[in-house]
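One structure coming up, written as structure tokens, with questions to follow.
The values are calculated or read from the model by the stated rules, or taken from the named source; none is laboratory data. The model shown is predicted, which means the values in this text are computed figures rather than measured ones. Every residue, glycine among them, receives a Cβ derived from its backbone with ideal geometry; neighbour counts consider all protein chains shown. For accessibility, only protein heavy atoms count, side chains too; no ligands or nucleic acids. Shrake-Rupley method; radii C 1.70, N 1.55, O 1.52, S 1.80 Å.
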Amino acid sequence: MYNRILIANRGEIALRVQRACRELGIETVVVYSEADRDAPYVRFADQAFCIGPSRSIDSYLKIDQIISAAEIGNVDAIHPGYGFLSENSHFNEVCRSCNIDFIGPTPEAMEKLVYKNQSRQIAKIANVPFVPCSDGLIENEEDAIKVARLIGY
């Protein structure tokens, strides 16, 4: 069990993770941009760090800023929420190299599931049910029409 995690997201996503942590007795550290300084999730956190200007590309997507906040906040793990860096295997690897757990799949699993076509093949091999689709990439309009007729609407 973790004692303190950093939530690398904002808004309602961060609040939901914070509520779950509170129920589990886990302290939360959040990061915020200048635009989110007065957001409820910032006030609700045990500790908060400003990581940059309003634009997400200048704050929530800055891996070095998030890792710095995690190290200063002395966290055990980072919860990425969804969006932003949650599907970024490089961020996951950076967390690992800094001895901070990434709450989510391993970087290796993330790499395998980057492409939908590859993900479907993995699901098919594992007998995981999924919605009807093509057996592979559709290269042209003729194939798209065939698959559409086969699947239906």
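With respect to the numbered conditions (1) surrounded by 13 or more Cβ atoms within 10 Å (Cβ to Cβ); (2) touching a Cys at 6+ places or on another chain (Cβ under 9 Å), which one is the sole condition not fulfilled by Pro105?
Result: Pro105 passes all but (2).
Suppose the filter is under 30 Å from Ile151 (Cα atoms) and either modelled with pLDDT under 95 or crowded, with 19+ Cβ neighbours inside 10 Å (or both); does Cys95 pass it? Can you show your working first?
Working: under 30 Å from Ile151 (Cα atoms): no; either modelled with pLDDT under 95 or crowded, with 19+ Cβ neighbours inside 10 Å (or both): yes.
Judged against the criteria, Cys95 is not a match.
Based on what the data block shows, is Ile66 part of a strand (DSSP E or B) and surrounded by 14 or more Cβ atoms within 10 Å (Cβ to Cβ)? Full working, then the answer.
Values: part of a strand (DSSP E or B): no; surrounded by 14 or more Cβ atoms within 10 Å (Cβ to Cβ): yes.
It is false that Ile66 is part of a strand (DSSP E or B) and surrounded by 14 or more Cβ atoms within 10 Å (Cβ to Cβ).
Conditions tested, residue by residue: (1) aliphatic (A, V, I, L, M); (2) surrounded by fewer than 20 Cβ atoms within 10 Å (Cβ to Cβ).
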site	(1), (2)
Ile13	yes, yes
Gln18	no, no
Arg22	no, yes
Ala35	yes, yes
Phe44	no, yes
Ser54	no, yes
Ala70	yes, no
Asn74	no, yes
Gly83	no, yes
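Among (1) assigned to a helix (DSSP H, G or I); (2) surrounded by 19 or more Cβ atoms within 10 Å (Cβ to Cβ), where does Thr28 come up short?
Evaluating Thr28 over (1) assigned to a helix (DSSP H, G or I); (2) surrounded by 19 or more Cβ atoms within 10 Å (Cβ to Cβ) leaves (1) as the failure.
Residue-by-condition table, conditions (1) of a type in the set (Lys, Arg); (2) free of Cβ contacts under 8 Å to residues at least 60 places away in the same chain; (3) part of a helix (DSSP H, G or I); (4) open to solvent by less than 80 Å² (accessible area, probe 1.4 Å):
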position	(1), (2), (3), (4)
Val128	no, yes, no, yes
Ser134	no, yes, no, yes
Val147	no, yes, yes, yes
Leu150	no, yes, yes, no
